[in-house]
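*Asks:* Structure provided below as structure tokens; questions to follow.
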């Protein structure tokens with residue numbers, strides 16, 4: 001982890017420990033992040049007939065933060081949150097003007113991620129989000145995982161305030177006893193390419209690792225799928241396409257495993273909206289027997305598919321995709 005990544009992590013850890021609501025994380029400049037927060041009163045404003053429930057939630061929220069997110073404090077926090085949600089829904093059912101408060105309840109502790117690339121994403125902090133913590137109350141010993149909060153909806157005054165975001169990846173925060181930042185691309189498919197580019201920028205600003213479970217995921221994919229597929233080809237040299245490849249670490253790890261087990265070499269075509277990591281070139285040059293050729297194309301995957309649909313040189317007959325978190329709903 002380099003100096004700027006450590007500083008960005010420090011800024012985020014500091015914000016996590018404050019009794020303020022993180023409203024946005026912005027990828028600014030070449031490598032920095034900027035965090036915008038709001039006080040409790042700035043976020044909630046006037047809550048009308050639900051003022052008492054909001055005040056009870058504030059007390060539980062502050063107790064959780066000042067108590068350094070100790071597990072025994074989660075129950076009261078989650079209980080008061082869902083009590084507020086139920087009371088507000090009851091008021092709405094009886095004709096009260098509850099929509100403004102409902103939007104704030106749904107967007108509570110949900111963060112908007114923005115950047116210069118124009119994409120958007122959503123995020124939550126695992127230790128502070130009451131809906132996610134409900135899963136931890138039910139299964140306190142499970143690993144931190146964004147799949148336990150399948151959809152989030154940031155509360156914002158922007159025109160896109162109603163956007164839904166779906167679970168995607170996690171970024172561990174240093175020295176926080178397991179607290180994670182979860183990031184989410186839009187549920188709207190057409191908005192995902194620019195969102196993936198933004199999320200890639202955020203990852204590069206916070207951690208040198210794009211996937212904290214690369215080793216386990218690679219071994220599982222090889223044992224369950226990849227080894228069987230590769231062993232079935234007679235040719236010793238295969239062409240493989242990885243769309244939305246990210247860092248391509250999983251793909252290149254699988255290829256190395258296949259060479260060691262079956263003496264198969266690979267020509268790789270890698271496509272992603274995020275610029276290629278120099279680690280791709282390093283792996284290629286260090287493994288000349290594994291890789292005959294590696295081509296990286298920085299492009300929106302939809303544009304790439306449309307452009308190459310009729311190109312016979314881009315026909316990957318019999319080659320199967322290597323899936324990662326971007327393509328499999330439910331993976332963390």
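The values are calculated or read from the model by the stated rules, or taken from the named source; none is laboratory data. The structure presented is a predicted model; accordingly, all values stated were derived computationally and were not measured. Here the Cβ positions follow ideal geometry from the backbone for every residue, glycine too, while neighbour counts run over all protein chains shown.
*Asks:* Does residue 110 fit the bill of being at pLDDT 95 or above, over 30 Å from residue 139 (Cβ atoms), touching a strand residue (DSSP E or B) at 6+ places or on another chain (Cβ under 9 Å) and surrounded by 14 or more Cβ atoms within 10 Å (Cβ to Cβ)?
*Replies:* no
*Asks:* Cβ-Cβ under 7 Å, sequence separation 6+ or interchain: first residue in region 181-210 and free of Cβ contacts under 8 Å to residues at least 60 places away in the same chain, partner assigned to a helix (DSSP H, G or I) and surrounded by fewer than 19 Cβ atoms within 10 Å (Cβ to Cβ). Which pairs?
*Replies:* none
*Asks:* Just checking, how many residues over region 232-273 are closer than 20 Å to residue 198 by Cα and in a strand (DSSP E or B)?
*Replies:* Within region 232-273, the subset closer than 20 Å to residue 198 by Cα is 242-249, 270-273.
Okay, now just the ones that are also in a strand (DSSP E or B), so 242-243, 270-272.
Selection size over region 232-273: 5.
*Asks:* From the list 95, 118, pick out the single residue that is on the phi > 0 side of the Ramachandran plot, under 18 Å from the mean Cα position of the chain (by Cα) and either without any contact (Cβ under 8 Å) to a residue 40 or more places away in the chain or surrounded by fewer than 14 Cβ atoms within 10 Å (Cβ to Cβ) (or both).
*Replies:* 118
*Asks:* Continuing with this model, one more query. Those residues that are surrounded by fewer than 22 Cβ atoms within 10 Å (Cβ to Cβ) and at pLDDT below 85, I need them from region 156-175; list them, please.
*Replies:* If the condition is that a residue be surrounded by fewer than 22 Cβ atoms within 10 Å (Cβ to Cβ) and at pLDDT below 85, then 156, 157, 158, 159, 160, 161, 162, 163, 174, 175 are the ones that fit.
*Asks:* Given the criterion in contact with a helix residue (DSSP H, G or I) (Cβ under 9 Å, 6 or more places away or on another chain) and at pLDDT below 60, identify the matching residue among 294, 322, 290, 283.
*Replies:* Exactly one of 294, 322, 290, 283 is in contact with a helix residue (DSSP H, G or I) (Cβ under 9 Å, 6 or more places away or on another chain) and at pLDDT below 60, namely 322.
*Asks:* Kindly list the number of the only condition in (1) surrounded by 13 or more Cβ atoms within 10 Å (Cβ to Cβ); (2) out of contact with any strand residue (DSSP E or B) (no Cβ under 8 Å at 6 or more places or on another chain); (3) farther than 28 Å from residue 49 by Cβ that fails for residue 105.
*Replies:* (3)
*Asks:* Before we move on, is residue 217 touching a strand residue (DSSP E or B) at 6+ places or on another chain (Cβ under 7 Å) and surrounded by 17 or more Cβ atoms within 10 Å (Cβ to Cβ)?
*Replies:* On the way: touching a strand residue (DSSP E or B) at 6+ places or on another chain (Cβ under 7 Å): no; surrounded by 17 or more Cβ atoms within 10 Å (Cβ to Cβ): yes.
Judged against the criteria, residue 217 is not a match.
*Asks:* Does residue 150 count as in contact with a strand residue (DSSP E or B) (Cβ under 8 Å, 6 or more places away or on another chain) and either outside the structural domain of residue 102 (by TED's automatic domain parsing) or buried (at least 22 other Cβ atoms within 10 Å of the Cβ) (or both)?
*Replies:* No, not satisfied.
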